[in-house]
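Take a look at the structure set out below.
Just so it is clear, none of the values below were taken in a lab; they were calculated from the coordinates. Fair warning: this is a prediction, and the values are worked out from it, not measured in the lab. Quick reminder, even Gly has a Cβ in these numbers, built from the backbone with ideal geometry, and neighbours come from all protein chains shown.
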2 protein chains.
Amino acid sequence: MNIGDAARASDVSAKMIRHYERIGLIRTSSRTQAGYRQYHERDVHLLRFIRRARDLGFSLDQIGQLLSLWDDPGRASADVKRLAEAHIADLDTRIAALSEMRTTLTTLAQACHGDHRPDCPILQGIADAT
Amino acid sequence: MNIGDAARASDVSAKMIRHYERIGLIRTSSRTQAGYRQYHERDVHLLRFIRRARDLGFSLDQIGQLLSLWDDPGRASADVKRLAEAHIADLDTRIAALSEMRTTLTTLAQACHGDHRPDCPILQGIADAT
DNA sequence: ACTTGACTCTCCCATGATGGTAAGGTTTAT
DNA sequence: ATAAACCTTACCATCATGGGAGAGTCAAGT
């Protein structure tokens with residue numbers, strides 16, 4: 001399987017597959033004589049894992065750790081759970097930050113009449129925020 | 001006022017002030033004979049505006065638009081409101097994406113006993129996600 | 001006057017994840 | 001044989017920010 005097929009099958013772009021290889025997230029694949037990377041079902045499986053972990057917001061660094069655990073038959077599920085919970089906490093932090101922005105901005109926007117007149121509590125609010 | 005003072009007063013790093021100047025977000029400041037940038041109260045005011053808009057999650061590009069409106073005495077508040085509401089919609093999208101990740105991951109983590117045993121629904125769930 | 005420390009200047013590099021493009025080689029199908 | 005579709009590497013861009021090097025400047029204390 002060439003990289004394009006692996007990309008289509010895993011929903012990871014060829015560009016990213018090469019990138020993951022270069023940063024050491026995945027092993028270097030075998031090559032044809034012409035230098036084409038060759039992939040197999042298990043590689044696609046791995047790439048799909050990566051893709052889904054990305055969809056869950058894990059960083060490539062965290063995914064690296066997940067992959068070591070995935071590969072390790074003697075892993076403790078507690079280790080995986082710890083990673084996941086740390087990531088949930090991180091998501092919570094980010095959600096809270098965005099929500100706070102949203103709240104503040106919504107309050108400002110509600111106070112703005114939004115017509116042709118120039119006076120606008122949004123700009124005032126940004127300028128004068130405590 | 002030198003850049004360091006302006007940075008402290010506005011809570012925008014000197015590094016960023018130079019950057020904002022270079023990308024055209026703020027005007028080039030006057031310089032001393034030695035080439036030191038000189039700032040005044042109104043510059044600090046502007047930088048604080050930028051800082052707060054950043055805190056609300058506006059991109060520098062959006063901030064550029066906000067600044068034009070800020071500077072324009074004949075602006076229509078509707079234009080500002082439109083920008084703000086577009087940004088709120090963007091925040092909503094991002095919050096929803098993160099929340100969905102959080103939900104999925106929490107479900108997986110709850111199913112993981114998190115002990116010394118290797119079997120772990122989190123890794124399974126990532127690998128087998130629909 | 002001279003040193004010292006704190007400041008400033010520009011320039012280059014790095015982040016994280018991804019995409020684009022260019023210039024060239026390969027494979028496959030017509 | 002030729003064209004289409006693919007692959008390769010290498011470089012550049014994004015976005016906002018920080019780090020560091022190497023050199024110049026300024027103010028305060030000796």
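Just checking the listed ones, B:Asp11, B:Asp90, B:Asp115: in the Gaussian network model of chain B with Cα springs under 10 Å, the one fluctuating most is B:Asp115. The relative contact order of chain A, computed from alpha carbon pairs under 8 Å that lie at least 6 residues apart in sequence, is 16 percent.
Taking 0.36 nm per residue of sequence separation and removing the Cα-Cα distance, the A:Ala34/A:Arg94 pair yields an extension gain of 17.0 nm.
For A:Ser59, the distances from its label point to the matching points in the remaining copies are 2.2 nm, ordered from shortest, with each point set 7 Å beyond Cα toward Cβ. Work out the FRET efficiency for A:Ser13 and B:Asp71 from their Cβ-Cβ distance, taking R0 = 51 Å, and round it to the nearest 0.05. Efficiency, rounded to the nearest 0.05: 0.75. For B:His116, the label point sits 7 Å beyond Cα toward Cβ; its separations from the matching points on the remaining copies run 7.8 nm, from shortest to longest. Orientation-averaged projection of the protein assembly as shown equals 20.2 nm² [convex hull of Cα atoms, one quarter of hull surface area].
Counting only DSSP H runs of at least 4 residues, each contributing -39500 (n - 2.57), and dividing by the residue count of chain A, the helix-based mean residue ellipticity at 222 nm comes to -21500 deg cm²/dmol.
For chain B, modelled as a GNM whose springs connect Cα atoms under 10 angstrom apart, the maximal fluctuation among B:Ala96, B:Ala84, B:Ala53 occurs at B:Ala96. Taking chain B as the reference, fit the longest principal axis to its C-alpha atoms, fit the long axis of helix B:41-55 to the helix C-alpha atoms, and give the angle between the two in degrees, 0 to 90, nearest 10. Between helix and principal axis, roughly 10 degrees. Summary of the geometry: the stretch A:60-130 and the stretch A:1-57, compared by the centres of their Cα atoms, lie 30 Å apart. The rotation axis bringing chain A onto chain B passes closest to the chain A residue reported with its distance as A:Ile95, 3, by C-beta distance in whole Å. For the residues of A:101-114, the average number of beta carbons from a partner chain within 10 Å of their own beta carbon is 5. The phi torsions of the stretch B:97-108, fed into the Karplus equation with coefficients 6.51, -1.76 and 1.60 and a -60° offset, translate into couplings of 5, 5, 5, 5, 4, 4, 4, 4, 5, 5, 4, 4 Hz, rounded to whole numbers, with Gly and Pro shown as x.
When chain B is treated as a GNM with alpha-carbon contacts under 10 Å, the residue of B:Leu98, B:Leu47, B:Leu69 showing the greatest mean-square fluctuation is B:Leu98. Quick one: Karplus J couplings for the stretch B:71-81, per residue in order, coefficients 6.51, -1.76, 1.60, θ = phi - 60°, nearest Hz, x for Gly and Pro? Couplings: 6, 9, x, x, 4, 9, 4, 4, 5, 5, 4 Hz.
Inter-copy label distances for B:Arg82: 5.3 nm (label point placed 7 Å from Cα along Cα→Cβ; shortest first).
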